[in-house]
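Inspection log for the structure reproduced underneath, given as structure tokens.
The values are calculated or read from the model by the stated rules, or taken from the named source; none is laboratory data. This is a predicted model, so every value here is computed, not measured. Because the Cβ atoms are built from the backbone with ideal geometry, glycine has one as well, and the counts that use them run over all protein chains shown.
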Amino acid sequence: MNIISQNLSIDDAIKKIAELFNKHEIFFGHGTDNAVDEATELVYFTLNIDLSSTQNINDRIILEDEWKAVHKLAVLRTETRKPLPYLTNQAYFCHEKFYVDERVLIPRSPIAEMIQNHFNPWLEQKMVKNILEIGTGSGCIAIAMAKYFEHSLITATDISNAALEVAKMNVKYFSFEKKIKLIQSDLFDKIQGKFNLIVSNPPYVPREVMKNLPQEYSFEPSKALLAGDNGLDFIARILHDAPPFLEDDGILVIEAGVASTEMEREFKLPFKWIDFEFGGEGVALIEAKHLK
Ligand SMILES: C[S@@+](CC[C@H](N)C(=O)[O-])C[C@H]1O[C@@H](n2cnc3c(N)ncnc32)[C@H](O)[C@@H]1O
């Protein structure tokens, strides 16, 4: 590729990088789902423009050095297959930017949309006092919930101390130290109390599926993905152990992704599968009264 920037605008740069991505058939799915969106993130990151910037700056002509830096990062992405958020140490979730590195899963759960809708119509926002998140990783779900549920206290757990270090950084960055309690725990082991809402995006990838995932996934902690032979190792334990931790009118929201069909088959429970306006699937909601 020609690396001399001859009147290249930001828009041209995005198109060129998207072409490069398509040519190399890299996998999208770690925050973006297509070449243009990922190229936009890469170009904006390199030029230090916030993704949520409302100014229309895509006509701006970029400098040769800027183009060189954009191109270098794009080549690194295609050659290593490392997901872009691990190269930039940032990922977007619920319109907020989070610090990420290889200690945590890259935020992408469709649960984001439910949080932005305040889990309507299943919860009354004002009545939600205590929320528990199991398997918080970067802390993105807990932090987004802290933002959307101003009057709630959130307990967020993870078995991985390395992941909790990242969550701690993000909690501090958003100044939520008083609203979010981080606990190292194997699922509910160290949890006390009752919650109006329990949310979890647990590991749910079956062993065989794991073997055939695109290379990009190999950079994520296997502890965040792998869930035994049928993907239900953690889901089964959460469904079994959750009842004493739920208020009588509480709800459990659980992402099952590729294990959704198996979960439906295995547990004969009245799950409500959520329809997402902005994409995503495989998230079930169940009311406490149906679990007890
Ligand atoms: C799919 S990731 C979700 C991370 C984050 N909540 C998100 O949505 O981006 C699952 C998380 O569960 C954690 N985890 C795995 N086994 C666990 C266990 N037994 N108890 C608590 N957390 C666990 C992993 O370390 C990982 O951070």
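Things worth noting here:
- Some residue of segment 197-214 being part of a strand (DSSP E or B), without any contact (Cβ under 8 Å) to a residue 40 or more places away in the chain and either near the ligand (Cβ under 9 Å from one of its atoms) or among the small types (Gly, Ala, Ser) (or both): no
- So Ile159, is it closer than 17 Å to Arg103 by Cα and either surrounded by fewer than 17 Cβ atoms within 10 Å (Cβ to Cβ) or outside the structural domain of Thr78 (by TED's automatic domain parsing) (or both): yes
- In segment 179-195, the residues that are among the basic types (Lys, Arg) and surrounded by fewer than 18 Cβ atoms within 10 Å (Cβ to Cβ): Lys181, Lys190, Lys194
- Residue within segment 94-109 that is surrounded by 17 or more Cβ atoms within 10 Å (Cβ to Cβ), more than 22 Å from Ile26 (Cα to Cα), in contact with a Lys or Arg (Cβ under 8 Å, 6 or more places away or on another chain) and not assigned by TED's automatic domain parsing to the domain that holds Trp273 present: yes
- The condition of being among the charged types (D, E, K, R), out of contact with any Leu (no Cβ under 7 Å at 6 or more places or on another chain), in contact (Cβ under 8 Å) with a residue 12 or more places away in the chain and over 21 Å from Ala242 (Cα atoms) holds for only one of Glu177, Glu113, that being Glu113.
- Qualifying residues in segment 133-150 (those that are under 21 Å from His95 (Cβ atoms) and part of a loop (DSSP other than H, G, I, E, B)) - the one farthest from the ligand (Cβ to nearest atom): Glu150
- Residues of segment 246-292 that turn out to be more than 23 Å from the chain's Cα centre (by Cα) and under 16 Å from Leu132 (Cβ atoms), as a count: 8
- Residue within segment 11-24 that is part of a loop (DSSP other than H, G, I, E, B) and at pLDDT below 95 present: no
Condition check ((1) of a type in the set (Val, Ile, Thr); (2) modelled with pLDDT under 95; (3) part of a helix (DSSP H, G or I)) across all residues:
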residue	(1), (2), (3)
Lys223	no, no, yes
Asn230	no, no, no
Ala236	no, no, yes
Ile251	yes, no, no
Ser260	no, no, yes
Leu285	no, no, no
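- Enumeration of residues in segment 224-274 that are touching a strand residue (DSSP E or B) at 6+ places or on another chain (Cβ under 6 Å) and among the acidic types (Asp, Glu): Glu247, Glu255
- Any hit, segment 71-81, residues being within 16 Å of the ligand (Cβ to nearest atom), not acidic (Asp, Glu) and not in a loop (DSSP other than H, G, I, E, B): no
- In segment 262-275, the residue that is surrounded by the most Cβ atoms within 10 Å (Cβ to Cβ) out of those that are of a type in the set (D, E, K, R) and part of a helix (DSSP H, G or I) is Glu262.
- Checking each residue in segment 25-68 for being in contact (Cβ under 8 Å) with a residue 40 or more places away in the chain, assigned to a helix (DSSP H, G or I) and among the aliphatic types (A, V, I, L, M) picks out only Leu42.
- Any hit, segment 256-266, residues being more than 14 Å from the ligand (Cβ to nearest atom), free of Cβ contacts under 8 Å to residues at least 24 places away in the same chain and among the polar types (S, T, N, Q): yes
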